[in-house]
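In what follows, a single structure is set out as structure tokens and then discussed.
The values are calculated or read from the model by the stated rules, or taken from the named source; none is laboratory data. Computed from a predicted model, the values in this text were never measured in an experiment. Reconstructed Cβ throughout: ideal geometry from the backbone, glycine too, with neighbour counts over all protein chains shown. Note: accessible area is taken over every heavy atom of the protein model, side chains too, but ligands, DNA and RNA are not part of it. Shrake-Rupley method; radii C 1.70, N 1.55, O 1.52, S 1.80 Å.
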Amino acid sequence: MKTAQIQEEMSYEDAMKVLGYEPGAIVSPHLPAFGKVAEKLEELVRTTKDEKLQGSFRDELDRLNDALAVVVEQKSREPSLRARGMILRLILSLLLVGCVVAAGWYGNRYLIEERQSRDNQDLETLAGNARIAVESRDWARAESIYSKLVDLEDDPERVREGRRRISEGKEEARRQKLGFLVGSTRAAIEERNWDEANARLEELQGMEASHPEVAGLIKVIREGRMDDQIGVLLEKSREALQEEQWATLAAHTAKLESMVPGHEQLAGFKAATAEGMRIMEERRIRARKLYEKALSLDQGEFSEAALETLREAIRLDERKEYEDLYNKMSAYARLLMVPRDYATINEALASARPNDKIRIGAGTFTESLTLNVKVDLEGVGHDESIIQCDAESASVLLATKEASGSRVAAVTLRQTGIVHTGERYPVVLADGSELSLEDCHIDKGSGHGVAVINGGTGRLRNVQVSECGWDGLAVYGEGSAAEAGDCRFQLNIHHGVDAWGGGRVMITKSRATRNGLAGVVLMSKGVHSELVQCTIDGNREVGISISNGARAVLRANRAQGNLLGGILVAGDGTTAGMEGNVAEKNNKFGILIDRHSTARPFTDNIARENTGEQLNRQAVIPEEVVPPPSLLDVSVHKAVEAGPSNPE
């Protein structure tokens, strides 16, 4: 600032007052001392961090410099040096200015020390927060805090130590995560949950591809998954073999060979496949001969013999030309169509004459049917034509003696609702009647699935009976009989097949599986029954039970995986001819024959891998037989009692 401008703002008198003098005092000798004061104020301005105090010091410095400039400019106005009191005034002025400067210096020192104290407190707070973050394993926050401490900390050792702890902690956490992933992978392997094991292994590889456990775990998962796939394939192959599904068995065998060329069971499956294909070819040849025979019988009029010949041909080999001829020859009889010609099946039955054919379209028909005349009742397939009724009201199908020779095919027959009383309606009842069931599903009955009584005869071909409250097939009474071929009796609460009180059965190429009691029970004293080429497996009691003086022939059957034993022959006078049967992997025993019973002939039977006894032909069994209860003389709308349980 120029001197003229300063003088305009500050007069000589004001300048003297700033310096602590009265106008007329002599100041020139003391100007160097005031210069040192100005230097001190400049230092305070530079070093003071408090902005307010710094501004105050700057203002004081500016006033001092302005005053000194004015006094120097107007030095001519000073009186002589000999003026009285000059020394005293100088001392007072310097004392005043010194007090001001000293006060400013001590104030600034206090503020600096106060700020240093606060900075130290902030450092300790940050350091404490950093330690908490490390202990909490919050590595990102800990690293952020130590980054701030780098700029504030005078001692870098504490920062280096903190960062070392972070590095060690992160490494420890990484090792723990790796250990967790290895353990999780092994746990999933033990549970044979290969997808979960593979997911955990991929996560492990993502963290550390060179981990020493990775190669071994990859091998275990690959081999375990392969073992499970082979196990499933073997089970499907055995199922196809038991069901005689030769084309399916051939496909499974080829896949097994591609996966494990040297598998120990491969040769057996190949041999079975070759034999099955041979059987299929024989069936095709026989079906062609039957078709040609039926074709020769086609005289343009109804022929039950020709139709039965064609049905057998279609069962052996489903060809369109066979079905076309069957449909053509079926039309020779009077054809009643439901729902095209009749709204309900009962309406069609009311109009039916002997040998009429009733064709049922797709849909669910809620009706209870009673056959009083011989008819041929056929749906479009068991999965499309469904007939049902309430379990409390009646059987779904009752065939009376007057309806002997009737045939029911290609439908599902089921009951709705649940009944827990001691008497229940069977789903299908042949009461003194000869009834044929073909390609049907019979399920969800509260009582028996199919019951044959009062000298009736049931002929079942390719029928599945499942989820019934009592037996799948129950045959009771003198002269009552049932023939079943290619059938399946499964998931019934009592037995799969039960014959007692004079009833007899002939079961071929069928399966009784996963029933609540036994697979097959034969208890008719002195009555001959046969079981040939059947699979009896997974039942909760004995697979095959023959007792109470019954007579039976068991040939080429397999009793497998039953909970209370494979084959039991028990009771005084009970006889069984047994040839080529296999009892394996059953609990309790394989084949058990009471010392009071007879097994003759007994050839080529195998008992293996059973829990407990494999074979005992002189077993001591308690002489206690559950007496078969009487069965009601059933007429229309009367229920049936349950059959007997197994002997203890």
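Need the list of lysines near residue 444 for cross-linking: C-alpha distance under 20 angstrom, and skip anything on the same chain fewer than eight residues off.
638
If you filter segment 193-268 for GluC sites (Glu not before Pro), then keep DSSP loop positions with at most 14 other Cβ within 10 Å, what is left? Show your work: numbers first, answer last.
On the way: sites: 196, 202, 203, 208, 213, 223, 235, 239, 243, 244, 257, 264; in loops: 208, 213, 243, 244, 264.
Passing both the DSSP loop test and the Cβ count: 264.
As an exercise, use a Förster radius of 30 Å and the Cβ-Cβ distance of residue 620 and residue 528 to find the FRET efficiency, rounded to the nearest 0.05. Kindly include the intermediate steps, with their values, before the conclusion.
Values: r = 27 Å, r/R0 = 0.89.
FRET efficiency, residue 620 to residue 528: 0.65.
In a shell of Cβ-Cβ distance under 15 Å around residue 616, excluding residue 616 itself, what net charge do Lys and Arg (+1) and Asp and Glu (-1) give?
Working: positive: 588, 595, 608, 617; negative: 594, 613.
Once positives and negatives cancel, what remains is +2.
For segment 510-629, would you read off the P(r) tail past 20 Å as a percentage of all alpha carbon pairs?
32
Indicate the gyration tensor shape class of segment 295-431 (rounded, prolate or oblate), computed on the Cα atoms with a ≥ b ≥ c the square roots of the eigenvalues: a/c under 1.5 is rounded; otherwise a/b larger than b/c is prolate and the rest oblate.
Working: a/c = 1.99, a/b = 1.84, b/c = 1.08.
Since a/c reaches 1.5 and a/b is larger than b/c, the shape of segment 295-431 is classed as prolate.
Using per-residue counts of other Cβ atoms within 10 Å, averaged over each peptide, order 382-389, 59-66, 568-575 from highest down. If you can, show how the numbers build up before the last one.
Details: 382-389: 19.6, 59-66: 17.0, 568-575: 21.9.
In descending order of packing, they fall as 568-575, 382-389, 59-66.
Using label points projected 7 Å from each Cα along Cα→Cβ, tell me how many nm separate residue 175 and residue 509, to one decimal.
Each label point is offset 7 Å from its Cα along the Cβ direction, giving 6.9 nm.
Taking the Cα of residue 140, stepping 7 Å toward and past its beta carbon, and measuring to each backbone N in segment 189-215: which are under 20 Å?
Within reach of a label on residue 140, which here means backbone N under 20 Å from a point 7 Å along Cα→Cβ, segment 189-215 contributes 207.
Below 8 Å between Cα atoms, with a sequence gap of 6+, how large is the relative contact order for segment 499-541 in percent?
With pairs under 8 Å counted, the relative contact order is 52 percent.
With θ set to phi - 60° and the Karplus curve 6.51 cos²θ - 1.76 cosθ + 1.60, what are the ³J(HN,Hα) couplings of segment 519-534 in order, to the nearest whole Hz, using x for Gly and Pro?
x, 9, 10, 10, 9, 7, 5, x, 9, 8, 10, 9, 9, 10, 6, 10
Quick check: Cα centre of segment 288-318 to Cα centre of segment 466-540, how many Å?
Distance between centres, Cα-based: 31 Å.
Which net charge results when you count Lys and Arg as +1 and Asp and Glu as -1 among the other residues whose beta-carbon is under 15 Å from that of residue 598?
Working: positive: 525, 551, 595, 600, 617; negative: 572, 579, 594.
Around residue 598, the charge tally is +2.
Please compute the modelled spin-label separation between residue 563 and residue 340, points set 7 Å along Cα→Cβ, answer in nm with one decimal.
Simple spin-label model gives 5.0 nm for this pair.
Heavy-atom accessible area per residue, segment 217-344, 1.4 Å probe: how many Å²?
Working: 7310 Å² over 128 residues.
Using a 1.4 Å probe on heavy atoms only, each residue of segment 217-344 averages 57 Å².
Evaluate E = 1/(1 + (r/R0)^6) for residue 257 and residue 321, where r is the Cβ-Cβ distance and R0 equals 30 Å; express this FRET efficiency to the nearest 0.05. Please list the in-between numbers first.
On the way: r = 35 Å, r/R0 = 1.17.
The pair residue 257/residue 321 has a calculated efficiency of 0.30.
Simple spin-label model, 7 Å along Cα-to-Cβ: residue 191 to residue 350 in nm?
6.1
Grab the beta carbon distance between residue 228 and residue 598, set R0 = 35 Å, and tell me the FRET efficiency rounded to 0.05. List each step's numbers first, then the result.
On the way: r = 46 Å, r/R0 = 1.31.
Efficiency, from the Cβ-Cβ distance: 0.15.
Return the loop-located GluC sites (Glu not before Pro) in segment 429-476 (DSSP other than H, G, I, E, B) with at most 16 other Cβ atoms within 10 Å of their own Cβ; answer none if there are none. Write out the running numbers ahead of the final one.
Working: sites: 434, 438, 467; in loops: 467.
Qualifying residues, ordered by number: 467.
At 0.36 nm per residue, minus the direct Cα-Cα distance, what do residue 587 and residue 73 gain on full extension? Give it in nm, one decimal, please.
Difference between extended and current length: 172.3 nm.
Quick check: net charge around residue 355, other residues with Cβ under 9 Å of its Cβ, Lys/Arg +1 and Asp/Glu -1? Working shown, then result.
Details: positive: 334, 353, 357, 374; negative: 304, 356, 376.
Cβ neighbours under 9 Å give a net charge of +1.
Please list, in chain and number order, the residues 5+ apart from residue 614 or on another chain whose amide H is under 5 Å from its amide H, with Hs placed from the backbone.
Those lying under 5 Å, H to H, from residue 614 are 590.
Give, to the nearest whole percent, the P(r) tail of segment 444-486 beyond 13 angstrom, counting all Cα pairs. Let's see the in-between values first.
Working: 470 of 903 pairs.
Roughly 52 percent, once rounded to a whole number.
In nm, what is the difference between 0.36 nm times the number of residues separating residue 165 and residue 215 and their Cα-Cα distance? Display every interim value, and only then the final one.
On the way: separation 50, 0.36 × 50 = 18.00 nm, distance 3.22 nm.
The residue 165-residue 215 span can extend by a further 14.8 nm.
When only Cα pairs under 8 Å and 6 or more residues apart are kept, what is the percent relative contact order across segment 386-452? Please list the in-between numbers first.
Details: 167 pairs, mean separation 26.3, N = 67.
Reported as a whole number, the value is 39 percent.
What is the percent carbon and sulfur in the accessible area of segment 439-573, measuring with a 1.4 Å probe over the protein chains and ignoring ligands?
Working: 1630 of 3740 Å².
The computed percentage sits at 44.
In nm, what is the difference between 0.36 nm times the number of residues separating residue 58 and residue 265 and their Cα-Cα distance?
The residue 58-residue 265 span can extend by a further 64.1 nm.
Which of rounded, prolate, oblate describes segment 518-560, given a ≥ b ≥ c as roots of the alpha-carbon gyration tensor eigenvalues and a/c under 1.5 marking rounded, otherwise prolate only if a/b is larger than b/c? Can you show the working numbers first?
Details: a/c = 3.42, a/b = 1.42, b/c = 2.41.
Oblate is the answer for segment 518-560, as a/c is 1.5 or above yet b/c matches or exceeds a/b.
Which value, in Å², gives the accessible area per residue of segment 412-533 when a 1.4 Å probe is used on the protein heavy atoms?
Values: 3540 Å² over 122 residues.
Counting only protein heavy atoms, the per-residue value for segment 412-533 is 29 Å².
Kindly provide the GluC sites (Glu not before Pro) of segment 526-629 that DSSP labels as loop, not H, G, I, E or B, and whose Cβ sees at most 16 other Cβ atoms within 10 Å. Please report the intermediate quantities before stating the final value.
Working: sites: 530, 541, 579, 584, 609, 613, 623, 624; in loops: 541, 609, 623, 624.
Passing both the DSSP loop test and the Cβ count: 609, 623, 624.
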